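Okay, so here's the structure we're looking at.
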Amino acid sequence: MTPGSAGGTAASVEQVVRTVAADHREHRGPLLPILHAVQAELGCVPQEAVAVLADELNLSRADVHGVVTFYHDFRREPAGRTTVRICRAEACQALGAEDLMDYAREAGLQPGGTTADGSVTVEQVFCLGNCALGPSAEMNGRLYGRVDTARLGAILKGTVS
């Protein structure tokens, strides 16, 4: 499977999860590293992975589900081809982050949502560690500082349908 190909069969999801779990079995507290590895492999942590992980780690399904839904880094559905993260921490808020969120919403990008064509996912985060250059945004792992709506539009250019 390739990243983002979570549309595969349940058997392939089970195979990926069991392989990843076997690779991490000797680690102390392996659930989080396993979830990160599953998401890296599948592009998300699909619902069918929860039962397999519960079985592999001798946990309840509720325990695994609770971890997946508690941490915002884990997705239940694959992200878009482009991921834009907008910082909403205090320093960025004071410098105009809400304008960036409004701009994204006006472009049809809801926080946590993916465009219908799967091209862009927008996420809100609460610190990108770039406070001195806020407001900050990150696109596909590349960090941008002093982002205003014009710069956010330039960052998104060609990715929003």
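Overview of results
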quantity	calculated
Contour excess over end-to-end distance, with Cα ends at residue 150 and residue 116 and 0.36 nm allotted per residue	9.9 nm
Gyration tensor (Cα) of segment 79-133, equivalent ellipsoid semi-axes in angstrom	22, 12, 7
Rounded to 5, the percent of DSSP beta bridges in the chain classed as antiparallel	50 percent
Accessible area of the chain belonging to carbon and sulfur atoms, whole % at 1.4 Å probe	51 percent
Computed lengthening from residue 58 to residue 102, 0.36 nm per intervening residue step minus Cα-Cα distance	11.5 nm
Debye-sum result for segment 52-104 in log10 I(q)/I(0), which assumes one identical scatterer on each alpha carbon, at q = 0.12, 0.20, 0.24, 0.26 Å⁻¹	-0.49, -0.82, -0.94, -1.01
Point-charge dipole on Cβ atoms (K/R +1, D/E -1) for segment 100-161, about Cα centre, debye to 20	180 debye
Using a Förster distance of 22 Å, the FRET efficiency for residue 23-residue 77 (Cβ separation, nearest 0.05)	0.35
Expected 222 nm ellipticity per residue - DSSP helices of 4 or more, -39500 (n - 2.57), all of the chain, to 500	-13000 deg cm²/dmol
Segment residue 140-residue 90, length gained on full extension (0.36 nm per residue, minus Cα span)	15.7 nm
Cα-only radius of gyration and Dmax that characterise the chain, units Å	17.5, 50
Per residue solvent-accessible surface (Å²) - the chain, probe of 1.4 Å	54 Å²
Under-5 Å amide H pairs with residue 125, H placed in peptide plane, nonlocal only	86, 87, 88
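The values are calculated or read from the model by the stated rules, or taken from the named source; none is laboratory data. Everything numeric here is computed off the predicted structure, so don't read it as measured data. Heads up, the Cβs are rebuilt from the backbone with ideal geometry, glycines too, and the neighbour counts pull from every protein chain shown. We work out accessible area using only protein heavy atoms, side chains counted, and drop any ligands, DNA or RNA first. Shrake-Rupley method; radii C 1.70, N 1.55, O 1.52, S 1.80 Å.
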